[in-house]
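What follows is one structure encoded as structure tokens, with my remarks underneath.
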Amino acid sequence: QVQLVESGGGLVQEGGSLELSCKASGLTFSRYAMAWFRQPPGKEREIVSTLAWNGRRNYYSESVKGRFTISRDNANNTIYLQMNSLKVEDTAVYYCAADRRPYGLGLRRDDFGSWGQGTHVIVST
């Protein structure tokens with residue numbers, strides 16, 4: 001069974017930076033596209049960023065483009081989300097997710113079927 005454990009969330013000042021991590025197990029990590037989603041308070045879950053299985057293709061939502069960077073470390077079965085220039089609107093529970101099938105490009109939101117428990121990010125003024 002795929003297991004995903006997020007960490008790195010916390011309270012940060014507006015304009016600051018934070019790096020989230022997601023440790024994966026139960027899959028051949030290097031073969032799977034990964035993604036970060038988030039759910040702001042009172043809002044629906046939304047996609048933040050995706051990364052193809054080989055790390056050569058990525059996607060960012062317009063709201064985070066230029067501020068966030070997704071990356072992966074296959075040796076440690078870990079995906080990261082480096083968040084810079086944080087805004088109050090970035091406040092949310094952040095989740096990582098794994099593609100349902102191997103060798104995906106991570107371009108289809110509905111392809112992601114395994115989820116972590118989430119980590120809270122609060123951006124204050």
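Summary table
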| item | result |
| --- | --- |
| Scope segment 10-19; condition assigned to a loop (DSSP other than H, G, I, E, B) and either without any contact (Cβ under 8 Å) to a residue 24 or more places away in the chain or closer than 13 Å to Tyr80 by Cβ (or both); matching residues | Ser17 |
| Options Leu86, Leu27: the member that is open to solvent by less than 40 Å² (accessible area, probe 1.4 Å), in contact (Cβ under 8 Å) with a residue 12 or more places away in the chain, in contact with a Pro (Cβ under 9 Å, 6 or more places away or on another chain) and not in a strand (DSSP E or B) | Leu27 |
| Set Gln13, Gln39: member being polar (S, T, N, Q), more than 15 Å from the chain's Cα centre (by Cα) and under 30 Å from Ser124 (Cα atoms) | Gln13 |
| Test result for Thr119, among the β-branched types (Val, Ile, Thr), open to solvent by less than 80 Å² (accessible area, probe 1.4 Å), touching a Gly at 6+ places or on another chain (Cβ under 7 Å) and closer than 26 Å to Thr28 by Cβ | yes |
| Residue match in segment 4-20 (condition: under 13 Å from Phe112 (Cβ atoms) and open to solvent by less than 30 Å² (accessible area, probe 1.4 Å)) | yes |
| Output for segment 44-57, where each listed residue is of a type in the set (Lys, Arg) and loosely packed, with under 14 Cβ neighbours inside 10 Å | Arg56 |
| Members of segment 30-43 that are under 18 Å from Gln117 (Cβ atoms) and open to solvent by 30 Å² or more (accessible area, probe 1.4 Å) | Gln39, Pro41 |
| Conditions (1) within 17 Å of Val123 (Cα to Cα); (2) surrounded by fewer than 18 Cβ atoms within 10 Å (Cβ to Cβ): number failed by Leu81 | (2) |
| Residue in segment 94-111 that is nearest to Glu46 (Cα to Cα), counting only those that are among the aliphatic types (A, V, I, L, M) and buried (at least 18 other Cβ atoms within 10 Å of the Cβ) | Ala97 |
| Residues (within 15 Å of the chain's Cα centre (by Cα) and farther than 22 Å from Arg101 by Cβ) located in segment 67-80 | Arg67, Phe68, Thr69, Tyr80 |
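The values are calculated or read from the model by the stated rules, or taken from the named source; none is laboratory data. As the structure is a computational prediction, the values presented were derived from the model and not from experiment. Glycine also receives a Cβ, built like all others from the backbone with ideal geometry; neighbour counts cover every protein chain displayed. With ligands, DNA and RNA removed, areas are computed over all heavy atoms of the protein, side chains included. Shrake-Rupley method; radii C 1.70, N 1.55, O 1.52, S 1.80 Å.
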